[in-house]
Amino acid sequence: MTYYSDENCLFCKIIKGDIPSTKVYETETVYAFRDIEPQAPQHIIIIPKEHISSTNEINEENSALIGDVYAAAATIARIEGFADNGYRIVNNCGMDGGQTVGHIHFHLLAGRYLQWPPG
Ligand code: 5GP
Ligand code: ZN
């Protein structure tokens with residue numbers, strides 16, 4: 001499968017293996033790896049392999065990839081053993097959302113009780 005990649009994008013470089021990462025799970029369309037600065041005992045980043053800069057760029061053509069991300073999250077939760085205890089999936093969008101990497105990504109957080117609401 002061919003997907004659009006941005007040579008200047010940190011997460012595209014991680015997908016290609018140009019920057020090392022600890023892989024947790026991978027399918028034809030998504031890649032999941034451990035966050036370098038974990039905010040919970042389990043902190044996994046799930047990304048579509050296609051370079052999409054943020055939720056602002058989601059449309060009818062590419063939205064199935066977000067379904068693939070959530071299917072990956074459910075599978076990872078089972079594999080890693082936190083499906084029953086629960087977890088949180090977070091997508092930060094833009095400056096006010098706290099997005100620091102310009103490739104859409106979903107934080108999968110688990111392993112402790114997660115406060116609500118977030119900051
Ligand atoms: P954001 O703040 O954009 O929602 O999330 C970006 C996340 O990517 C942060 O949690 C940050 O720790 C993580 N991150 C940034 N650079 C790297 C990296 O080089 N490797 C890994 N594994 N995670 C990274
Ligand atoms: Zn990218």
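A few points about this structure:
- Gaussian network model of the chain, springs between alpha carbon atoms under 10 Å - residue of SER21, SER53, SER63 with greatest fluctuation: SER63
- Helical runs assigned H by DSSP (4 residues or longer) give the chain a calculated mean residue ellipticity at 222 nm of -6500 deg cm²/dmol, each run adding -39500 (n - 2.57) before division by the residue total.
- Taking chymotrypsin sites (Phe, Trp or Tyr not before Pro) in DSSP loop states with no more than 11 other Cβ atoms inside 10 Å as exposed sites, the chain has its longest site-free stretch at 5-112.
- Here the accessible area is traced with a 1.4 Å probe on the protein chains. For the chain, carbon and sulfur cover 49 percent of it.
- Among the cysteines of the chain, those with no neighbouring cysteine Cβ under 4.7 Å are CYS93.
- Cα radius of gyration and Dmax for the chain (Å): 13.8, 39
- The GluC sites (Glu not before Pro) of the range 12-107 that DSSP puts in a loop, and whose beta carbon has at most 13 other beta carbons within 10 Å, are GLU28, GLU60, GLU61.
- Full extension of the chain between THR22 and THR2 gives 4.9 nm of extra length, using 0.36 nm per residue less the Cα-Cα distance.
- Average accessible area per residue (Å²) across the chain - probe 1.4 Å, nucleic acids and ligands excluded: 60
- Helix 64-80 vs. the chain, principal-axis angle (Cα, 0 to 90°, nearest 10): 40
- Near THR22: Cβ cut-off under 11 Å, other residues only, Lys/Arg at +1 and Asp/Glu at -1. The net charge is +1.
- Among ALA77, ILE15, TYR31 - extreme Cα towards positive end, dipole of the range 1-94, charges at beta-carbon: ALA77
- Each Cα pair under 8 Å and six or more residues apart adds its separation to the average, and for the chain the resulting relative contact order is 29 percent.
The values are calculated or read from the model by the stated rules, or taken from the named source; none is laboratory data. All values reported here derive from a predicted model rather than from experimental measurement. Don't worry about glycine lacking a Cβ; one is built from the backbone with ideal geometry, like all the others, and counts go over all protein chains shown. With ligands, DNA and RNA removed, areas are computed over all heavy atoms of the protein, side chains included. Shrake-Rupley method; radii C 1.70, N 1.55, O 1.52, S 1.80 Å.
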